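Structure first, commentary second.
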Amino acid sequence: MLERLEALRKEGLEKIKNAATEEKLQEVRQQLLGKKGHLTTILKELGGLAPELRKPIGQKANEVKSAFADFIEKRQNEIIAQKSAAGDDIDLTRPGIPVAEGGLHPITQMCYDLNDAFLSMGFEIFSEDDISSEQFAFDNLNFPPDHPARETMDTYWLEGTENKSGTERLCLRPHLTGASVRYLQKHGAPARFVYPGAVYRNEATDSHHERSFSQYEALIVERDLSFASGKVLIETILEKVFGRHVNIRMRAGFFPFVEPGFEIDMECLICGGKGCSVCKNVGWIEIMPGGVPHPNVLKAAGLDPHEWSGFYINIGLDRLVMMRYGVDDIRLFRGADLRFLQQFK
């Protein structure tokens, strides 16, 4: 049997070498490795051999099979290269290669939907660089000098600027809120604008937390703006995004850049408020902080807090997408798993 396999190996390699076209090479492949091929016939005989002979002969058969497969692939590449060099590589009768269809990432699609909703209400869309500074990320937003968010446990500071301060101490923006002061310094008030983008925080990841995630902020600054208008704004945006009324609740919360401040929750759409793993069995999902811009923030923007007021919200874009599509793990959005992403074409 070993002699038969060695003879078949030599004969098969010679046939592969002499195959001049892809069609002929395919015929040789079938003769050697097909269901009724020479090697397959020998493999079917293994069951009738003595137990002590099966292992060495099986190993030899696998070696021959691998040799055939490698040599066939090598010969096929040689034939294709020869055709290309001769200018015969284009065959208009052969089926074309299907073009892979792309689609918007679900977070990008949600961002576009929010843009449309806010544009319909007279807002402007603003953007800034991913690299910010201590001045705009913290100082202008009324963060105390000893606030823990300034430490490296939360913020990615750029190497070489750690010992500097203000505009010279650079970081990957830990939130988008600094853009509000930057916009108002340039354009003044009254103003109503949104600013979407990615933010970065040095924290442990789990199904609800990521080191990089998307936020979508909105700010209205006017002389006379009622607090009720801010609540209506939130309800209107969620209704436009989800196509139906969404229950919300506002809880008192502390943030240095707003006074008063609120934690804004929406009813979990996965369980309808009954409680599930996504909402940690409480029936509500925290989606954004909000509130009235702190007087010190307005002063940093060059505005008189006695004359101007407003309303601010910071939408957790990833969590809105989780609600829209019933996704239970935030890490899937940036995991590059095509099986997950192809669902949103």
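Tabulated data for the structure shown
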item	result
Filter on Lys36/Lys74; Lys35/Lys55; Lys280/Lys345; Lys240/Lys345 - keep pairs with C-alpha separation over 27 Å	Lys280/Lys345
Proportion of all alpha-carbon pairs of segment 172-231 beyond 14 Å (%)	63 percent
Cβ crowding within 10 Å averaged over residues, with 9-15, 168-174, 286-292, 95-101 ranked highest first	286-292, 168-174, 9-15, 95-101
Sequence-separation-based contact order of segment 14-68, relative, with Cα cut under 8 Å and 6+ spacing, percent	20 percent
Burial order of peptide ranges 258-269, 67-78 (average beta-carbon count within 10 Å, highest first)	258-269, 67-78
Convex hull projection area averaged over all views, the chain, Cα basis, nm²	29.9 nm²
Segment 208-216 - phi-based ³J(HN,Hα) in whole Hz, Karplus 6.51/-1.76/1.60, Gly and Pro as x	10, 9, 9, 6, 10, 8, 10, 10, 9
Distant-in-sequence amide H partners of Ile125 (H built 1.01 Å from N, under 5 Å)	Val194
Charge tally in the Cβ shell below 11 Å around Thr155, where Lys, Arg are +1 and Asp, Glu are -1, Thr155 excluded	-1
Segment 1-120: C-alpha gyration tensor shape, a/c 1.5 cut-off, then a/b vs b/c	oblate
Distance (nanometres) between label positions extended 7 Å along Cα→Cβ at Glu128 and Thr236	2.6 nm
Over segment 1-132, relative contact order from alpha-carbon pairs under 8 Å, at least 6 apart, %	23 percent
Carbon/sulfur fraction of accessible area - segment 301-345, other protein chains in place, 1.4 Å, %	46 percent
Residue-averaged [θ]222 nm for the chain, counting only DSSP H segments that reach four residues, each worth -39500 (n - 2.57)	-12000 deg cm²/dmol
Cα-based helix-to-principal-axis angle, 106-119 vs the chain, degrees rounded to 10	30 degrees
At R0 = 45 Å, FRET efficiency that the Cβ-Cβ distance of Arg244 and Ala100 yields, to 0.05	0.85
Pair Lys164, Glu23: separation of 7 Å Cα→Cβ label points (nm)	7.0 nm
Relative contact order of the chain, defined on C-alpha pairs under 8 angstrom at six or more residues apart (%)	15 percent
Charge-dipole axis of segment 230-332 as Lys and Arg at +1 and Asp and Glu at -1 on Cβ define it, positive-most pick from Phe311, Cys276, Met323	Cys276
Nitroxide proxy distance, nm - points 7 Å out along Cα→Cβ at Lys44 and Gln109	5.1 nm
Normalised convex hull volume, segment 2-48, alpha-carbon set, Å³ per residue	47 Å³
DSSP-defined antiparallel bridges as percent of all bridges, the chain, nearest 5	95 percent
Crossing angle, helix 227-242 versus the chain [Cα axis fit, 0-90 degrees, rounded to tens]	20 degrees
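The values are calculated or read from the model by the stated rules, or taken from the named source; none is laboratory data. Only a predicted model underlies this, so the values are computations on that prediction, with no experimental measurement involved. Glycine gets a Cβ as well: all are built from the backbone with ideal geometry, and neighbour counts include every protein chain shown. What goes into the accessible areas is simple: the full protein's heavy atoms, side chains included, and nothing from ligands, DNA or RNA. Shrake-Rupley method; radii C 1.70, N 1.55, O 1.52, S 1.80 Å.
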